[in-house]
Amino acid sequence: MTHQAIRVLLVDDQPLLRMGLATILSTEPGVEVVGEASNGREALAQVEALDPDVVCMDVQMPHMDGIEATKALTASGARAAVLILTTFDRDDFLFETLNAGASGFLLKTAGPEQLIHAIQVLAGGESLLAPEVTGRVLDRMFTEPADEPKAASQPVPELPVPLTRREDEILAMLVTGKSNADIAEELFVGPATVKTHVSNILMKLDVKDRIHAVIWAYEHGYVDAQG
């Protein structure tokens, strides 16, 4: 392994599953498994000791589950990105982990290529959701049950550095689930230009990835306010 390898911590209460994940990741030259943990408490200690780039986190574990561990990592300011790996395709797990600060969500039925790709994406500062759940995230954010009143948005805060008109436009596109490539094509600009704008948006909103930029926009009614 070189010093440029992506450092990964595996967190799951099943030793055989951790072993299987480690075996899969050992086939990728750019990824190094630097440690393992069997519950959330151990994960917090290992993150502090090992400083991984990505934490592959199970949800249901003894002592401290993956949701609480993700909240604690986010609150601590740890730089590691959390990739949730779970057997359960449940909306409550999905939304609780995203709200806790996770940057990715995959089902354990994902193939080795999907897992490695997700780790690479998160290590690069981006976010990723399993294809099976992306649509549900957007549906949950922008539709409300007919028999329930729409929750009031938080006031749009005055940002220390306001978004530019172009950044407003790109944030609105992120909310609809468009990729950088989609945005570049629609705006007739290069992907690198879009990536720069997205990075500026994340910095100004003080969020770590595009998923949480979308959550921020939804919670504050920002896109509606700008539209």
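Computed from the coordinates by the stated procedures, all read-outs in this text should not be read as laboratory data. As the structure is a prediction and not an experimental result, all values here were calculated from the model. For neighbour counting, all protein chains shown are included, and Cβ atoms are generated from backbone atoms with ideal geometry for every residue, glycine included.
For a test of the definition: using alpha carbon positions, the gyration tensor, and the 1.5 limit on a/c, classify the range 165-226 as rounded, prolate or oblate. Cα axes put the range 165-226 in the prolate bin.
The trypsin sites (Lys or Arg not before Pro) of the range 17-99 that meet both conditions, a loop assignment by DSSP and at most 13 other Cβ atoms within 10 Å of the site Cβ, are Arg79, Arg90.
As a length-normalised measure over Cα pairs under 8 Å and 6 or more apart, the relative contact order of the range 1-57 settles at 49 percent. Remark: C-alpha extents of the range 6-138 on the principal axes read 34, 30, 28 Å, sorted largest to smallest. Taking Cβ atoms as reference points and 15 Å as the exclusive limit, the residues near Glu158 contribute a net charge of -1, counting Lys and Arg as +1 and Asp and Glu as -1.
Taking packing as the residue-averaged number of other Cβ atoms within 10 angstrom, the listed peptides 163-176, 43-56 run from highest to lowest as 43-56, 163-176. Report the local net charge at Asp182: Lys and Arg +1, Asp and Glu -1, summed over other residues whose C-beta lies under 15 Å from its C-beta. Computed value for this residue: -1. Count Lys and Arg as plus one, Asp and Glu as minus one, and take only other residues whose Cβ is under 15 Å from that of Ile170; the net charge is then -2. Dividing the convex hull volume of the alpha-carbon atoms in the range 1-78 by its residue count gives 75 Å³ per residue.
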